[in-house]
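What follows is a set of notes on a single structure, which appears directly below.
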Amino acid sequence: MLPTERLKEKAGRQAAKLISPGMTFGLGTGSTVKWLIEELQDRFPKNANLTVVPTSEQSARLARQAGWQVKELNEVERLELTIDGADEADPSGNLIKGGGGALLREKLVAAASDKLVIIADPTKLVEKLGKFPLPVEVIPFGYRQVQRKITEQFGVAGIQLRRKGEEPFVTDSGNFILDVEFGVIDDPAALDKALQIIPGVVETGLFVGMAHALIHTRPDGGISEKSF
Ligand code: 5RP
């Protein structure tokens, strides 16, 4: 197996083929997406009039450095395409996202997109979601109540407030993240729904039925593409 970083690079670079000069597209977040940005800069060194709606401040910074126009989601009607990474993807294209803490904006941008293309290395592919702790974005006020409620309601194996050093990790929207160890998630749609109605939950990292395509590398470095 090639090193994971090389496999991310190949997936990210492959997805750049979906972008043509003058396009406006949703730009995901994470280390795989960084390779997409890298490839686009290689392909279009003179900017090519690209406009992006980034899913995080981190991706917005990278886009500005690349010389691209950056728009807020409120400045566009719809997006024809968003390309983003994932922490896990099941055979139906359901995802766990939010490892980088950008799940809320990622879901909003994905929901505004006609097509969501996920780029992933083979370590992200799973039969069933849930090995990766599910990120749940919560408002800071009373987050411990949410933590208690999730623990009681679902009997989870673990639930951690995400931290950056000693302090809670704060999302781009000013919220906290709980990383919840559910174990195997048999019904991602039902779990998403059950979590969403807990007061204080802003969004979950479950992306159910949102991905239209998956571009992933195989352990030998080959590329596979799948539509949903
Ligand atoms: C950020 C995400 C990322 O897409 C996910 O964490 C994958 O990241 P990477 O490409 O670095 O493995 O959901 O919130």
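The values are calculated or read from the model by the stated rules, or taken from the named source; none is laboratory data. Just so it is clear, the structure is predicted and the values come from calculations on it, not from any experiment. Glycine gets a Cβ as well: all are built from the backbone with ideal geometry, and neighbour counts include every protein chain shown. Areas reflect the complete protein model, heavy atoms only, side chains present, ligands, DNA and RNA absent. Shrake-Rupley method; radii C 1.70, N 1.55, O 1.52, S 1.80 Å.
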Average accessible surface area per residue within the chain, 1.4 Å rolling probe, Å²: 47
Which residue, 67, 99, 26, has the most motion in a Gaussian network model of the chain that connects Cα atoms within less than 10 Å? 67
Compactness of region 107-146 - radius of gyration and Dmax, Cα, Å: 14.8, 38
Residue-by-residue Karplus 3J(HN,Hα) for region 174-183, coefficients 6.51, -1.76, 1.60, Hz, glycine and proline x: x, 9, 9, 10, 9, 9, 10, 8, 8, x
Please name whichever of 134, 45, 168 sits farthest to the positive end of the charge dipole of the chain, dipole taken about the Cα centre and charges placed at Cβ: Lys and Arg +1, Asp and Glu -1. 45
Amide N of region 129-147 lying under 14 Å from the label point, which is placed 7 angstrom from the Cα of residue 196 along Cα→Cβ: 137
Shape metrics for region 1-41, restricted to C-alpha atoms - Rg then Dmax, Å: 10.6, 37
Share of pairwise Cα separations in the chain, more than 24 Å, in percent: 43
If one computes the Cα centroid of region 114-149 and of region 1-22, what distance in Å separates the two points? 23
Given that compact globular proteins tend to follow 2.2 N^0.38 Å, what is the ratio of the alpha-carbon Rg of region 134-203 to that value? 1.05
Just 118, 150, 96 to compare: in a GNM of the chain, with alpha carbon springs under 10 Å, which one fluctuates most? 150
What part of the accessible area of region 1-95, given as a whole %, is carbon or sulfur when the probe is 1.4 angstrom? 43
By how many degrees, between 0 and 90 and to the nearest 10, does the Cα long axis of helix 143-154 differ from the longest principal axis of the chain? 80
Report, by chain and number, residues whose modeled amide H sits under 5 Å from the one on residue 218, excluding near sequence neighbours (fewer than 5 apart, same chain). 223, 224
Of 179, 87, 42, which is the most mobile in a GNM of the chain whose springs link Cα atoms less than 10 angstrom apart? 42
Calculate the FRET efficiency for residue 69 and residue 160 from the Cβ-Cβ distance with a Förster distance of 45 Å, rounded to the nearest 0.05. 0.75
Positive minus negative residues near residue 90 (Lys, Arg vs Asp, Glu; Cβ under 14 Å): -1
For the chain, give me the percentage of DSSP beta bridges that are antiparallel, rounded to the nearest 5 percent. 60
Taking all protein chains in place and a 1.4 Å probe, what share, in percent, of the accessible surface of region 161-228 do carbon and sulfur account for? 52
Dmax and Rg, reported as Rg then Dmax, of region 26-119 (C-alpha, Å): 12.6, 38
So if R0 is 45 Å, what FRET efficiency would residue 173 and residue 17 give, r being the distance between their Cβ atoms, rounded to the nearest 0.05? 0.90
Note: residue 76 to residue 226 extended length (0.36 nm per residue) minus current alpha-carbon separation gives 51.2 nm
To the nearest 10 degrees, how steep is helix 31-43 against the longest Cα principal axis of the chain, on a 0 to 90 scale? 10
